[in-house]
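The values are calculated or read from the model by the stated rules, or taken from the named source; none is laboratory data. The model shown is predicted, which means the values in this text are computed figures rather than measured ones. We place every Cβ from the backbone using ideal geometry, glycine too, and count neighbours over all the protein chains shown.
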Amino acid sequence: MSKKKYGFTMISVLLALALVAVGCTPKQESGSSEGSVFRMNLATEPPSLDPAQVQDQVSATVVNGLFEGLTRKNEKGEVEPAVAKEWKISDDGKTYTFTIRDDAKWSNGDPVTAGDFEYAWKRALDPNLKPAASAYAYQLYYIKNAEAYNTAADGVTADDVGVKAVDDHTLQVELNSPTPYFLGLMSFTVFYPVHKSVKENEQWATDVSTLVSNGPFKMSEWKKNNSITIAKNDNYYAKDDIKLSKVVFSEVNDSNTELSMYQTGELDYAGMPTGLIPNEQFPTLKQNNPDEFKIQGSASIYYYLFNTTQKPYDNEKIRQALSMAISRQDIVDNVTKGEQKPAYGIVPPGIKGEKEDYRTEHPDNYFKEDVEEAKKLLAEGLKEEGLTAMPTVKVTYNTNELHQAVAEAIAEMWSKNLGIKTEVSKQEWGVFLDNRNHLNYDVARGGWGADYDDPMTFIDLFSSKSGNNNTGFANKEYDALIKEAYSTDDQAKRMEAMSKAESLVVGTRAIMPIYYYSTVYMIKPGFKGIFIDYKGDIDYNRGYYEAK
Amino acid sequence: MVRYVLQKLLFMIVSIFVLASATFFLMKAIPGNPFQSEKNIPPAIQERLNEAYGLNDPLGVQYLHYLNNLIHFNLGMSMKQQYVTVVDIIKTGFIYSLQIGIFAIILAIAAGVLFGLIAALNHRKFLDGFTILLAVLGVSIPSFVVAPFLQYVFGVKLRWFDVAGLNDPTDFIMPVIALSFLPAAFIARLVRSSMLEVLSADYMKTARAKGLSGRVILVRHALRNAILPVVTYIGPMTANIITGSVVIEQIFGIGGLGKFFVNSITNRDYTLIMGLTLFYAVILMLARFLTDIAYGFVDPRIKMTSRKGG
């Protein structure tokens, strides 16, 4: 049997090779003498690192390290000066004058000027931007004439847009209406400056050598579809505050692998916002690694939409009955397991109100779960509709294990509490969105995250002209309240109007809120100053490593 | 031979045209667009985006436009990753998929033939049963079980290899083994059954009667005939393996081609869907073509000239 010997030889050669290689592979350690390296997972390749084009959390996570806007937010969510050292706001709240700091520099050494901001914002609004118009340019619509220019309205040019560099250090911005959260918006990607050299090279953001940035970090290495490394930017004005020498982003799109990489020390951070920890592991991890496993609320909401143009979901009582007959706490405890908070409103905790948290100032007690009441409402609703029994409820969601588990749990609760039959069905992402946009559903899953730190980012969603309403809900009173909130910068009045509006949409149950999201992540002990902000984005810029 | 090759090439071009057309219209028939997300883009901007990517043109115009580009070997730009050409995506991904793929194919053939031979030569003995058991396991355990198992044992518990990535030479070991598991088991079974058939054939008796040595008989007469079904299988297997495995690349965090087959469709990245489909088709056809040629060498009974269009 000489063949057998070959086999054994081969296997031993392979094993020997493996052992030798293992011996000579130095593992990269986190804390080294010349600053520390922080390694996290993006899961996928960022579609674009051009601040004007960023529209997803993966791209934003990298761009937030590479660029810096006029202001920045600290761990407490307070606005701090960044590229702008100070600013003045006119009495009517509509004109902002920013003073750019003298020592702000690009990664190539050029000074950052007011003109760079004017150029960047107008560029983002340019309807003919290459390769395609910016999908998030509407975040700039607070600025005078921005919307008209962006939508290529007649006779409006870039010169009409209300942003102007008076000189190298002075940037003047005119708004359509007073916007109390405008300063906070300055740390949003589309408001970042870009270097004027990008004019000559439209593809600047795709290559390490041409990606000039002004933030704490600069591009260092980019293995396409594999990993991205950013390194400390020595031209950053506050470089002494930056303690991490490098941030390395992997692109591993598998939650189990990500967790294994964290456990073997190939990653210093696992989980949201860009990665994921498998949720069936939550209880074990929480028990075994209490210092590393973290859960924090984030300003996003998980809800079900009712198609209010469809019978019998046009009946308010039926919608109320469905919404009251489920136990949100049970879903959070037994299905999602991430310590999410049961939701009875549409604005999550963590969003700024008049003085404190909006949710604390205006608790979401718009309704209560009550099975008996739900039964009564359902009977009344069916009678109004001339029905003897509730037709089978069709719940649609996009293909995802968690969405499926939630839908099945709700179906069971409806069946048990109201005796209703439910059919749950998953749809491929694109098909699902298409059906939802065209109101081709009975009950559909929805999710929404904050774009900025104000309840309006959620309230606006259900105005009758919102492109994301998707429920058929159109209420004149609601629209009037939104208009009222937009017209003033009196925070007390604004919050009051928005709370009233919220009670309308939740009260009539155009949607059925389920829970407020949480961010679940793990971080290696020793890393400090790395935090998750109110909307669940990670901020590693001023992070550092301290060995115990 | 020349006529045969020309015939094959013509057939390939026609097939690619048919495939491109079918994929194009099927892909456009699914609802959605490359810019879809939970948050809808304002309609005015959506319109601009459609315009920029030529999605507002009538379907027929888009189709002709695509064919025209295709004739000029222009696969276009990705609609999701900005300023990245489809060719670039395929190139960067293919390098990784090809690397692990080639090692996996070599390992699969070596291990498959070896185990197949061991089983056949020990027909109905312990080693036969044992290898067959292994082969059945290999064929029936899916890669999404094998890969995490290897990863857990050798990556997490024993810490011999990195859990994911392709940064060191050793990082290849786990994905290559996981990738070759199924084809190796399949080849082992093929070799075993055809070996058993060949060993009992008349010409084997003749060879033995001529007094040839055991090794000569085994290699020159038995294995050469028994390998034929394996050669048939190797073509499509190669095409399959080198274009990347969705599961294994995902689990081992390898930036190969595999993930794009699924992602491009979820993202409605139309140009990338087309590019990948065509790329896969070309590889598959080439592999088949080479298999046919290889057949001619291994099996003298097959004459290229006598086969038409096959």
Count of the range A:443-483 residues which are of a type in the set (D, E) and assigned to a helix (DSSP H, G or I): 3
Candidate set from the range B:38-52 (those that are touching a helix residue (DSSP H, G or I) at 6+ places or on another chain (Cβ under 8 Å) and in a loop (DSSP other than H, G, I, E, B)); member that is surrounded by the fewest Cβ atoms within 10 Å (Cβ to Cβ): B:E38
Filtered residue count, the range B:28-53, keeping only those that are more than 34 Å from the chain's Cα centre (by Cα), at the interface with chain A (Cβ under 7 Å from one of its Cβ atoms) and within 13 Å of A:G467 (Cβ to Cβ): 8
Residue identified as outside the structural domain of A:A82 (by TED's automatic domain parsing) and under 11 Å from A:L66 (Cα atoms) among A:K232, A:K224, A:K239: A:K232
Boolean, B:V113 is closer than 12 Å to B:R192 by Cβ, away from chain A (no Cβ under 14 Å) and part of a helix (DSSP H, G or I): no
Filter result for A:E118 (away from chain B (no Cβ under 14 Å), crowded, with 23+ Cβ neighbours inside 10 Å and of a type in the set (D, E)): no
B:L59 vs. criteria touching a residue at least 12 places away in the same chain (Cβ under 8 Å), closer than 15 Å to B:F24 by Cβ, away from chain A (no Cβ under 14 Å) and within 24 Å of the chain's Cα centre (by Cα): no
Selection within the range A:209-240 - without any contact (Cβ under 8 Å) to a residue 24 or more places away in the chain, more than 26 Å from the chain's Cα centre (by Cα) and more than 14 Å from chain B (Cβ to nearest Cβ): A:S209, A:D234, A:A238, A:K239, A:D240
The lone exception for B:V87 - which of (1) surrounded by 14 or more Cβ atoms within 10 Å (Cβ to Cβ); (2) in a helix (DSSP H, G or I); (3) modelled with pLDDT of 85 or more; (4) within 11 Å of chain A (Cβ to nearest Cβ) it fails: (4)
The range A:417-442, subset more than 11 Å from chain B (Cβ to nearest Cβ) and part of a helix (DSSP H, G or I), residue nearest to A:A474 (Cα to Cα): A:L418
The range A:33-68, subset among the hydroxyl-bearing types (S, T, Y) and touching a residue at least 60 places away in the same chain (Cβ under 8 Å), residue nearest to the other protein chains (Cβ to nearest Cβ): A:S48
A:S255 away from chain B (no Cβ under 12 Å) and touching a residue at least 12 places away in the same chain (Cβ under 8 Å): no
Output for the range B:129-153, where each listed residue is without any contact (Cβ under 8 Å) to a residue 12 or more places away in the chain, more than 13 Å from chain A (Cβ to nearest Cβ) and more than 12 Å from B:P183 (Cα to Cα): B:G129, B:L133
So B:V163, is it crowded, with 17+ Cβ neighbours inside 10 Å and either at pLDDT below 90 or more than 14 Å from chain A (Cβ to nearest Cβ) (or both): yes
Complete set of residues in the range A:118-152 that are part of a helix (DSSP H, G or I), under 13 Å from A:Q53 (Cβ atoms) and in contact (Cβ under 8 Å) with a residue 40 or more places away in the chain: A:A120, A:R123, A:A124, A:A137, A:Q139
Among the candidates B:S194, B:S245, B:S200, residue that is within 28 Å of B:V136 (Cα to Cα), loosely packed, with under 15 Cβ neighbours inside 10 Å and of a type in the set (S, T, N, Q): B:S200
Total residues in the range A:31-82, condition under 18 Å from the mean Cα position of the chain (by Cα) and assigned to a strand (DSSP E or B): 4
Odd one out for A:A501, checked against (1) touching a residue at least 60 places away in the same chain (Cβ under 8 Å); (2) of a type in the set (G, A, S); (3) assigned by TED's automatic domain parsing to the domain that holds A:I410: (1)
B:D168, sole failed condition from (1) buried (at least 21 other Cβ atoms within 10 Å of the Cβ); (2) farther than 30 Å from B:A22 by Cβ; (3) touching a Ser or Thr at 6+ places or on another chain (Cβ under 6 Å); (4) at pLDDT below 90: (1)
So B:F103, is it facing another protein chain (nearest Cβ under 9 Å), closer than 30 Å to B:M195 by Cβ and modelled with pLDDT of 85 or more: no
Among (1) within 23 Å of A:D460 (Cα to Cα); (2) out of contact with any helix residue (DSSP H, G or I) (no Cβ under 9 Å at 6 or more places or on another chain) - the single one A:E118 does not satisfy: (1)
Residue in the range A:139-158 that is crowded, with 19+ Cβ neighbours inside 10 Å, within 30 Å of A:E354 (Cα to Cα), in contact with a Pro (Cβ under 7 Å, 6 or more places away or on another chain) and aromatic (F, W, Y) present: no
Number of positions in the range A:58-116 that are closer than 17 Å to A:K164 by Cα and of a type in the set (D, E, K, R): 5
The listed residue being surrounded by fewer than 21 Cβ atoms within 10 Å (Cβ to Cβ), out of contact with any Asp or Glu (no Cβ under 6 Å at 6 or more places or on another chain), away from chain A (no Cβ under 11 Å) and part of a helix (DSSP H, G or I), out of B:N74, B:N69: B:N69
One residue from B:A178, B:A184, B:A222 being under 17 Å from B:A120 (Cβ atoms), modelled with pLDDT of 90 or more and in a helix (DSSP H, G or I): B:A184
Which listed residue is within 29 Å of the chain's Cα centre (by Cα) and either away from chain B (no Cβ under 14 Å) or free of Cβ contacts under 8 Å to residues at least 60 places away in the same chain (or both), from A:G93, A:G155: A:G93
